[in-house]
Ligand SMILES: [Ca+2]
Ligand SMILES: [Ca+2]
């Protein structure tokens with residue numbers, strides 16, 4: 001029998017997906033975008049949210065933003081003699097992460113602080129853009145902004161074509177992601193929500209300047225995700241894509257929509273083409289969300305079998 | 001001579017504006033939207049920001065959100081015996097604002113806290129919507145969401161038609177404004193930036209619930225405006241509309257765009273059709289921004305002469 005088709009489906013939409021998950025996505029989009037159908041969602045309420053690390057691009061062996069921090073430390077270390085006395089910073093710059101692991105959350109927050117603050121918004125953006133355009137992933141030998149999941153890019157495009165508005169809602173740094181999301185995902189900065197810190201505004205020599213400074217950090221993870229959706233979007237999503245227990249709260253929140261909603265969890269099952277992990281990993285622990293996925297009929301994507309192609313190379 | 005016309009101008013765009021400011025706006029929009037012209041701004045960078053109180057709707061005799069708080073206090077007072085012992089709350093509910101004025105910022109923050117927290121996001125939205133649909137302004141004898149400046153609505157429409165993205169960046173509460181901005185201004189919640197407080201996320205009887213709670217408040221005014229633009233939009237605006245010194249920082253920020261930018265200040269000069277104020281007012285003090293407007297050639301709108309019509313009634 002023929003597959004149902006959504007209004008704006010092009011012939012090759014979702015071509016990198018296996019048939020079963022592809023059909024499920026298309027059936028849902030068709031149901032909610034067909035005018036007059038009982039599950040129709042008005043365009044204004046077609047809000048889709050996506051986690052980033054492990055959902056739109058890889059997060060192994062370490063999240064790309066962590067690699068950016070290590071590279072930044074290494075590059076800037078000669079200019080900061082005081083960093084060389086800090087075991088965590090000095091170790092991370094040299095590829096020794098044992099001091100960082102021992103220092104726990106406090107060490108990590110200091111690492112983030114040193115690599116992300118005391119820079120203007122323009123300086124930070126330029127620094128991330130240069131890094132992402134010129135640094136090669138060791139595993140794939142390509143710049144990081146090309147190492148994105150093709151099926152998920154197709155999904156973003158497909159939803160956008162069907163008049164959904166795609167937002168990133170990720171634990172990654174908002175300013176970090178905004179430096180590449182428009183080019184990599186066709187998602188503009190004001191639809192990128194992430195963790196963020198404090199800034200100050202000053203007019204320096206006549207130039208209004210926003211500088212990233214030390215202070216409180218909003219952590220956009222777990223309960224922080226639906227809270228950030230409330231703060232930044234102000235509407236409950238109807239679609240949510242994620243890959244870890246950190247996304248479980250925003251999936252619950254999405255599932256409580258008055259509309260027929262859809263949640264998708266990427267399960268990293270392909271150790272050959274990508275990485276295989278769920279329970280034993282520093283980034284992307286997936287356990288309780290899988291249990292709730294069964295109860296709530298969220299779509300669990302087995303990346304090994306459900307992604308015909310993972311990358312566009 | 002004929003006026004220049006922007007790409008998407010309709011015949012009656014900006015019809016409520018006098019000729020001189022109208023020409024200036026149209027000339028700028030034409031310059032920055034004409035492909036191949038030296039001042040062309042790509043669609044992705046056409047970010048416009050607007051203050052709300054005193055810029056899109058009135059803020060006298062008190063800002064509408066303050067009136068909402070007073071009405072809410074009055075309605076809820078019987079359920080909160082503890083409020084009746086508080087001079088500020090008890091006074092405000094009865095229309096006596098002397099205790100509030102004496103209590104200064106601390107009294108005001110307590111008033112905001114009592115009227116805006118311990119409610120779920122849905123309860124708060126419903127409360128504001130009901131209030132705004134059913135409460136009549138004493139001066140205009142209409143519900144508040146109809147008392148918006150027609151020339152500014154035309155400007156929003158004109159910019160949107162020319163592929164600008166309109167954001168509100170206001171000292172008013174984000175959740176408060178989001179309850180009416182989509183209907184009143186055609187601006188969706190995720191393009192409404194305002195002051196905001198803390199929330200908590202809980203699953204209550206299986207229902208994911210976001211509740212507004214006491215805690216830190218982000219005040220989206222003065223330097224907080226460009227900082228919020230950085231936090232929420234992540235791009236520098238090219239157009240800014242405001243009416244007070246509280247908008248001066250975001251006008252400076254806009255003026256520092258690499259593109260040809262435009263800033264517009266509403267000067268409330270019409271005591272007959274609206275209100276006349278600048279230096280002597282609790283809301284909307286306008287002084288230093290007028291000085292900088294001359295230096296930087298920002299458009300100062302004399303509402304009495306430059307708005308042919310103020311309201312659409
Ligand atoms: Ca993730
Ligand atoms: Ca104002």
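The values are calculated or read from the model by the stated rules, or taken from the named source; none is laboratory data. As the structure is a computational prediction, the values presented were derived from the model and not from experiment. So basically every Cβ, Gly included, is an ideal-geometry build from the backbone, and we count neighbours across all protein chains shown.
Tabulated values for the structure
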quantity: Filtered residues of the range B:293-312 (kept if at pLDDT 95 or above and assigned to a loop (DSSP other than H, G, I, E, B)); calculated: B:297, B:298, B:308, B:309, B:310, B:311
quantity: Test set (1) more than 14 Å from chain B (Cβ to nearest Cβ); (2) within 16 Å of ligand 1 (Cβ to nearest atom) - residue A:49 fails condition number; calculated: (1)
quantity: Lone unmet requirement of (1) buried (at least 19 other Cβ atoms within 10 Å of the Cβ); (2) facing chain B (nearest Cβ under 10 Å); (3) touching a strand residue (DSSP E or B) at 6+ places or on another chain (Cβ under 7 Å) for residue A:216; calculated: (1)
quantity: Any hit, the range B:87-94, residues being under 26 Å from residue B:191 (Cα atoms) and surrounded by fewer than 19 Cβ atoms within 10 Å (Cβ to Cβ); calculated: no
quantity: Criterion (touching a helix residue (DSSP H, G or I) at 6+ places or on another chain (Cβ under 9 Å), in contact (Cβ under 8 Å) with a residue 40 or more places away in the chain and crowded, with 20+ Cβ neighbours inside 10 Å) met by exactly one of A:140, A:158; calculated: A:158
quantity: Selection status of residue A:126, under 20 Å from residue A:192 (Cα atoms), over 17 Å from the mean Cα position of the chain (by Cα) and not in a loop (DSSP other than H, G, I, E, B); calculated: yes
quantity: Any pair with Cβ under 6 angstrom, 6 or more apart, that starts in the range A:239-263 at a residue that is free of Cβ contacts under 8 Å to residues at least 40 places away in the same chain and ends at one that is within 16 Å of ligand 1 (Cβ to nearest atom) and assigned to a helix (DSSP H, G or I); calculated: A:249/A:225; A:249/A:226; A:253/A:226; A:261/A:254; A:263/A:251; A:263/A:254
quantity: Odd one out for residue A:105, checked against (1) free of Cβ contacts under 8 Å to residues at least 60 places away in the same chain; (2) touching a helix residue (DSSP H, G or I) at 6+ places or on another chain (Cβ under 8 Å); (3) away from chain B (no Cβ under 14 Å); calculated: (2)
quantity: Conditions (1) within 9 Å of another protein chain (Cβ to nearest Cβ); (2) farther than 21 Å from residue B:43 by Cβ; (3) touching a helix residue (DSSP H, G or I) at 6+ places or on another chain (Cβ under 7 Å); (4) assigned to a strand (DSSP E or B): number failed by residue A:167; calculated: (2)
quantity: Candidates B:151, B:78, B:99 - the one that is within 30 Å of residue B:309 (Cβ to Cβ), in a helix (DSSP H, G or I) and away from ligand 1 (no atom under 16 Å from the Cβ); calculated: B:151
quantity: Odd one out for residue A:157, checked against (1) more than 9 Å from chain B (Cβ to nearest Cβ); (2) in contact with a strand residue (DSSP E or B) (Cβ under 6 Å, 6 or more places away or on another chain); calculated: (2)
quantity: Considering residues of the range B:52-61 that are over 19 Å from residue B:190 (Cα atoms) and within 13 Å of ligand 2 (Cβ to nearest atom) only, the residue farthest from the other protein chains (Cβ to nearest Cβ); calculated: B:60
quantity: Residue match in the range A:202-214 (condition: in contact with a helix residue (DSSP H, G or I) (Cβ under 9 Å, 6 or more places away or on another chain) and in a helix (DSSP H, G or I)); calculated: no
quantity: The one condition in (1) within 13 Å of ligand 1 (Cβ to nearest atom); (2) more than 21 Å from residue A:160 (Cα to Cα); (3) away from chain B (no Cβ under 14 Å) that residue A:265 fails to fulfil; calculated: (2)
quantity: Condition met for residue B:60 (in contact with a helix residue (DSSP H, G or I) (Cβ under 8 Å, 6 or more places away or on another chain) and more than 16 Å from ligand 1 (Cβ to nearest atom)); calculated: no
quantity: Residue in the range A:266-284 that is closer than 18 Å to residue A:60 by Cβ and buried (at least 24 other Cβ atoms within 10 Å of the Cβ) present; calculated: yes
quantity: The one condition in (1) over 26 Å from residue A:313 (Cα atoms); (2) modelled with pLDDT under 95; (3) away from chain B (no Cβ under 14 Å) that residue A:139 fails to fulfil; calculated: (1)
quantity: Which numbered condition residue A:177 fails, given (1) free of Cβ contacts under 8 Å to residues at least 60 places away in the same chain; (2) within 16 Å of ligand 1 (Cβ to nearest atom); (3) at the interface with another protein chain (Cβ under 10 Å from one of its Cβ atoms); calculated: (1)
quantity: Conditions (1) modelled with pLDDT under 95; (2) surrounded by 17 or more Cβ atoms within 10 Å (Cβ to Cβ); number of the one not met by residue B:206; calculated: (2)
quantity: Residue match in the range B:279-287 (condition: away from ligand 1 (no atom under 16 Å from the Cβ), within 21 Å of the chain's Cα centre (by Cα) and not in a loop (DSSP other than H, G, I, E, B)); calculated: no
quantity: Flag for residue A:290 being within 16 Å of ligand 1 (Cβ to nearest atom), closer than 30 Å to residue A:38 by Cα, surrounded by fewer than 22 Cβ atoms within 10 Å (Cβ to Cβ) and modelled with pLDDT of 95 or more; calculated: yes
quantity: In the range A:219-239, residue nearest to the other protein chains (Cβ to nearest Cβ) [restricted to those that are touching a strand residue (DSSP E or B) at 6+ places or on another chain (Cβ under 7 Å) and within 12 Å of ligand 1 (Cβ to nearest atom)]; calculated: A:225
